[in-house]
Each structure stands twice: as structure tokens, then as C-alpha cells.
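The values are calculated or read from the model by the stated rules, or taken from the named source; none is laboratory data. None of the values given here were measured: they were computed from a predicted structure. As a convention, Cβ positions derive from the backbone with ideal geometry for all residues, glycine included, and neighbour counts pool all protein chains shown.
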Amino acid sequence: MINARRSIAIRLIVAVLAVELVSALVVVFLSLGYERHAHFTAFDIMLRGRADSVLVAVQDSEDAQANVILNEADLHLPPDDVYEVFDQGGRLLGRSSNWQGTPSGAWTDLSDGFLQLKVGHDHYRVLRLHGSRFVDSGEPGGGKLRPVTIFYGSDTARVWHAIRGAVEFYAAGSLLLLLVTLVLALHLLDLWRKHLHLAHRAVLLDDQREQRGADQQREHHDRPPIAQVEVVVQVVEDPQDCGFERIERIDHERLRNTRCSAG
């Protein structure tokens, strides 16, 4: 019975640990999705802000055609980032020195959006942003609007590094909780085993005590009735025998005295 109860306890502990392990895996999986969404949302906002900085650097060329140029002297961007700017006619206004440009056919539509590109051996997330600049604002009519298209990208290695760090933190916390649960479960199992052993010994002692009492009671009931009154009979018969012998001795002496008198 002890082995059966111990087996049940071990199965319960294993079941609890299995459920906690599955819960830890679910937490890690959900944290991966959440951290990816949160980090890339912030990353996209950062890309849009830097693309706006490039848009601000597009200025009037001060020529007769009221064209625009990219003043790269006013740009203060990370050296690993890539960018390029086109005017409405598709003329290249400027491009970062570490990029060959967006591959042709990479964009399937003309709307703003993000695209994953490989620049060299690194993976970049590139934003395409449509903007516009006013030129010749001092001219009658309020100047002219010149649309431009900006491509701006940044390496995603730092983002994935941050995501992995956050997921590893969740995984380490879940693993630590699992180990603590395992230690506590083993400790409780050991205490339960000792308590069960003491309880089993107490039950055995009670059973032995009850068995001895039952044996004594059975031995008393199984004794014959003559054996139960033997001592009493002996005590009662011995005094009577002594009385009869005494009476017979007195009668014998009286008879002898009578015969002596007659003679």
C-alpha cells in the first residue's frame, strides 16, 4: 500500500511539473510574439523619424526649374543605416555610400510601407516614405510643391538581440520557477514519505495490540467449564474431607471406649 501511495504521489508531482513546463513554454512563445511586436513597432517609429530627418534635408536648389536637392551636410545618421531619395521624376537626389540602392521590382505597390532587404550580409528593414517640399515659397502663389520618395533602412540585428534577451529572461524565470517547484515537491514528498512510514508503524502497533487482546479473549472463551471451577472445587472439597476424617476418628474412639467399659 505504501508503494502504491508513493507511486500516486510521484505521478501527481510529475503531472504538476509537466503542466508547469507546458505553461513555461507557452509563456516563452507568447513573450516572443509580444516582444517582437513591441520592439519592431518602436523600430518602425524610429525609422519613420529618421526618414523625416532626411525629408527635412531636401531643399530648394535655387535654380530656374525650381528643383530640389538633398543637403547631406545636415544629415547626422548612424553610419550603418542606408537611405536614398528620389524626386517626382525618379531622379536620384542622394544615397548613402554603403548602399547600392533598392532592387528593382522590390516594391509591389506605390504606397508607404516596410520591406525586408538584405544589404551585404545583414538583414535590413527598409521604409518607403512619400513626402513633399515647398520651393520658391517667396514667389507669387505660395511656391511650388515638389513630391519626393525616401527609402530609409536600418539593420535589424540589434532589434533581434533585444528580443532574444527579453525572451531569454522570461525563459530563465520560468526555468527557475520550475526548479523551485521541483525542489519543493521533492521535499514535500520526503516529508510525506516519513509521515506515511510513521503512520504505518502506528497502524501495525495497533493491529498487534488488538490481535493480542483478541487472542487472550479467545483463549478465555475456549477453556472448558470444569477447568474454570477446578480450583474452587478443590478449595471446597478439602475442608469437607478433613471434617469427615475427624468425625470418623471420633466415632472410632467412642466405640473403643464403650467396648473397654463393657469388658
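Screening residue 54 on (1) surrounded by 15 or more Cβ atoms within 10 Å (Cβ to Cβ); (2) touching a helix residue (DSSP H, G or I) at 6+ places or on another chain (Cβ under 7 Å) shows it passes everything except condition (2).
Could you tell me whether segment 183-191 includes any residue that is surrounded by 14 or more Cβ atoms within 10 Å (Cβ to Cβ) and at pLDDT 75 or above? Looking for residues that are surrounded by 14 or more Cβ atoms within 10 Å (Cβ to Cβ) and at pLDDT 75 or above, one finds at least one in segment 183-191, hence yes. Answer yes or no as to whether residue 132 is at pLDDT 85 or above, farther than 26 Å from residue 38 by Cα and touching a Leu at 6+ places or on another chain (Cβ under 7 Å). For residue 132, the condition - at pLDDT 85 or above, farther than 26 Å from residue 38 by Cα and touching a Leu at 6+ places or on another chain (Cβ under 7 Å) - is met.
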